[in-house]
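This report refers to the structure that appears directly beneath it.
The values are calculated or read from the model by the stated rules, or taken from the named source; none is laboratory data. Quantities reported herein were computed from a predicted structural model and do not represent experimental measurements. Glycine gets a Cβ as well: all are built from the backbone with ideal geometry, and neighbour counts include every protein chain shown. Side chains included, ligands, DNA and RNA excluded: accessible areas come from the protein's heavy atoms. Shrake-Rupley method; radii C 1.70, N 1.55, O 1.52, S 1.80 Å.
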Amino acid sequence: MLGFSRSQFIAFLIMVALIVVCPFVLYPVFLMRVLCAALFACAFNLMIGYVGLLSFGHAAYFGMGSYVTAWTMKHWHLDAFLAIGLGGLTGAALGLVLGYLAIRRSGIYFAMITLALAQMVYFFCLEAPFTGGEDGIQQVPRGRMLGFLDLSNDMTMYWVVAAIFIGGFLTIHRIIHSPFGQVLKGIRENEPRATSLGYRTDDYKLIAFVLSCAITGIAGGTKALVFGIATLTDVHYSTSGEVVLITLLGGLGTVFGPAMGALIVTAMENYLAQAGAWVTVIQGAIFMVCVLAFRRGVIGEIANWRKLTL
Amino acid sequence: MAANDRSDIILETQGLTREFSGFVAVDGVDLRVKTGQIHALIGPNGAGKTTCFNLLTSFLEPTRGTIRFKGRDITGMKPAMVARLGLVRSFQISAVFPHLTALENVRLALQRARGASFDFWRSESTLKVYDDRARALLNDVGLSGQEETIVVNLSYGLKRALEIATTLALEPEMMLLDEPTAGMAHGDVDRIVELIRRIRKGRTILMVEHNLSVVEGLCDTITVLTRGRVLAEGDYAEVSKNPEVIAAYLGSEHA
Ligand SMILES: Nc1ncnc2c1ncn2[C@@H]1O[C@H](COP(=O)(O)OP(=O)(O)O)[C@@H](O)[C@H]1O
Ligand SMILES: [Mg+2]
């Protein structure tokens, strides 16, 4: 169904059910933070899990999406749909330019170049006037979605974020299970062979990168809208690192891993907040335990244990 | 130079040379492959055969020299483009997509017929139209019943057969096979030889092969390469009597 395997379809239904039920039990704002991180991680996973390229600079696309949505909401009072769409476009455009420079490299070189390019974006954001420097863009109005949904209500905002997440999730799923996705798998499995069959592999990788960056930009824009703020943290390399951590924890290359990872990491940050500086230490420790004990990540281990594809 | 224009030459190189930081791996090779033949490229290890294949298919750029395929200069062309012109290679180490099924492997080649598959918005069920042809190809190389097997689980011999099926799916005018029988058990070798004999119809094959009895039974023309240079060329009878060839072979293989 929807191109899911049976086990994946059941997992999908469970995920949707949780998304529907949770806001009645937990804080919607916390859940929206999880969903934004989850969409970001799903987009990142498209590159590392399905193309086999580790982008170490995905914060650049997340952060620029966040800035553009925040700025256009605040100064142009756009419809939220348009503003988030512009965030996605920004991610895609930046991804096209930076991806073009990086895509011919592989392995550690790709990671280093994406990191270096993302650092340049960070310094651009630090200096450029429109980002508000250290203060960021604050007090961004949530406005309205499609003219009639008043997003200042947390629950309305939540359903919009949930719809964006599920839409993005299904889009990524379709990309993976398309004729294009089939070529991507071939490239990941054996790139020289794909070339020898007549595929210009760089083109496929670049398109995948642009798609990943577009969805990342949407995630960034959505986040800016939810919290009414876009700051340097969004483009900082620690954000790039966090999405790597989320994806590894949840299960790299699995469909549901990134969402699970986002839930775990966001919950940790949220509930360990009282621990102050210790958060990083505790996070690091948990991360180490996970990497040592559950190499495949939470979802990956479950899938392996129950012999399922998830 | 009149000979260069002969229309029965499908692939021709002139002065093909490749250096690796000073070391000359392929040294001024003039190769001519006739349309419809099975042409063998033999020579001791390190002679430059695989490097030649990499040059012919643009996986490497030549330091000097030109390559013409079907009368067209393809030197410096993108490797994917060379493949699309109908010059398709296999690899010395088995070239499969290990974690896809056998059917998906062949389908990835058939899918090329659509042109570029950039359509990320369509369902992969679009590709079902290729399933029948893929099954037929798998059947051709003795892989019927293995359609849904994840390729990493196939035996080495079957992987090589699958590789040929995948290459055939492109219906290439010319195939380059790099040691298609290397490391195979006897029965598997015979099967691959039989397969090559069947698929040669309507195409040209250039193959690297160490097993001389395979070469003898299969190949029309043989080029012997040593240290990057052409040592001898001719049919099996001529080449095998050439004292230089005997010396080179005995010298490096059995020394
Ligand atoms: N990428 C490379 N860099 C440096 N040297 C290479 C490279 N590829 C091949 N060579 C060298 O070129 C020579 C020919 O190699 P190769 O073409 O693989 O030989 P063959 O296939 O005939 O056994 C060898 O000495 C090998 O070490
Ligand atoms: Mg070789």
Can you pull out every residue in the range A:149-190 that is within 14 Å of another protein chain (Cβ to nearest Cβ) and surrounded by fewer than 17 Cβ atoms within 10 Å (Cβ to Cβ)?
A:167, A:170
Conditions: (1) at pLDDT 90 or above; (2) closer than 21 Å to residue B:248 by Cα. Residue B:205 meets all but one. Number of the miss?
(2)
Only strands (runs of 3 or more DSSP E) wholly contained in the range B:121-237 count here; list those with 1 or more residues that are in contact (Cβ under 8 Å) with a residue 40 or more places away in the chain and more than 25 Å from residue B:110 (Cα to Cα).
B:204-208, B:221-226, B:229-234
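Which one is nearest to ligand 2 (Cβ to nearest atom) among residues in the range B:6-23 that are over 21 Å from residue B:199 (Cα atoms), touching a strand residue (DSSP E or B) at 6+ places or on another chain (Cβ under 6 Å) and open to solvent by 10 Å² or more (accessible area, probe 1.4 Å)? Write out each step before concluding.
Going through the range B:6-23, the residues over 21 Å from residue B:199 (Cα atoms) turn out to be B:6-7, B:12-23.
This time we only want the ones that are touching a strand residue (DSSP E or B) at 6+ places or on another chain (Cβ under 6 Å), so: B:12-18.
So of that shortlist, the ones also open to solvent by 10 Å² or more (accessible area, probe 1.4 Å) come out as B:12, B:14-15, B:18.
On the way: B:12: 22, B:14: 22, B:15: 21, B:18: 14 Å.
Restricting to residues being over 21 Å from residue B:199 (Cα atoms), touching a strand residue (DSSP E or B) at 6+ places or on another chain (Cβ under 6 Å) and open to solvent by 10 Å² or more (accessible area, probe 1.4 Å), the top hit is B:18.
Condition (residue is within 12 Å of ligand 1 (Cβ to nearest atom), assigned by TED's automatic domain parsing to the domain that holds residue B:12 and not hydrophobic (A, V, I, L, M, F, W, C)) applied to the range B:72-81: is it met by at least one residue? Don't jump to the end; show me each part of the working.
Step one: filter the range B:72-81 for residues within 12 Å of ligand 1 (Cβ to nearest atom), giving none.
No.
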Scanning the range A:168-201 residue by residue, the ones that are outside any helix (DSSP H, G or I) and in contact (Cβ under 8 Å) with a residue 24 or more places away in the chain total 1
So for the range B:232-242 (the condition being away from ligand 1 (no atom under 16 Å from the Cβ), modelled with pLDDT of 90 or more and in contact with a His (Cβ under 6 Å, 6 or more places away or on another chain)), does at least one residue qualify?
no
So residue A:43 ticks every box in (1) away from chain B (no Cβ under 14 Å); (2) assigned to a helix (DSSP H, G or I) but one. Which box is left unticked?
(1)
Note: among B:94, B:117, just one is within 10 Å of another protein chain (Cβ to nearest Cβ), surrounded by 17 or more Cβ atoms within 10 Å (Cβ to Cβ) and more than 22 Å from residue B:196 (Cα to Cα), namely B:117
Which of the residues belonging to the range B:53-64 are more than 9 Å from ligand 2 (Cβ to nearest atom) and either within 14 Å of another protein chain (Cβ to nearest Cβ) or outside any strand (DSSP E or B) (or both)?
B:54, B:55, B:56, B:57, B:58, B:59, B:60, B:61, B:62, B:63
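With B:33, B:106, B:26, B:88 as the choices, which residue is surrounded by 23 or more Cβ atoms within 10 Å (Cβ to Cβ) and within 16 Å of ligand 1 (Cβ to nearest atom)?
Values: B:33 fails: within 16 Å of ligand 1 (Cβ to nearest atom); B:106 fails: within 16 Å of ligand 1 (Cβ to nearest atom); B:88 fails: within 16 Å of ligand 1 (Cβ to nearest atom).
After ruling out the rest, the residue left standing is B:26.
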Against the conditions (1) aliphatic (A, V, I, L, M); (2) within 16 Å of ligand 2 (Cβ to nearest atom); (3) within 14 Å of another protein chain (Cβ to nearest Cβ), where does residue B:85 fall short? Just the number, please.
(2)
Considering only the range B:178-193, I want to know if a residue exists there that is within 30 Å of residue B:63 (Cα to Cα), among the aliphatic types (A, V, I, L, M) and in the same structural domain as residue B:64 (by TED's automatic domain parsing).
yes
Every residue in the range B:36-64 that is on the phi > 0 side of the Ramachandran plot, buried (at least 19 other Cβ atoms within 10 Å of the Cβ) and near ligand 1 (Cβ under 9 Å from one of its atoms), please.
B:43, B:48
Lone unmet requirement of (1) away from ligand 2 (no atom under 16 Å from the Cβ); (2) surrounded by 15 or more Cβ atoms within 10 Å (Cβ to Cβ); (3) at positive phi for residue B:67
(3)
Keeping to the range B:171-199, report how many residues are modelled with pLDDT of 90 or more, within 16 Å of ligand 2 (Cβ to nearest atom) and open to solvent by 10 Å² or more (accessible area, probe 1.4 Å).
1
Out of the residues in the range A:70-98 that are β-branched (Val, Ile, Thr) and out of contact with any Ser or Thr (no Cβ under 6 Å at 6 or more places or on another chain), which is most open to solvent (accessible area, probe 1.4 Å)?
A:97
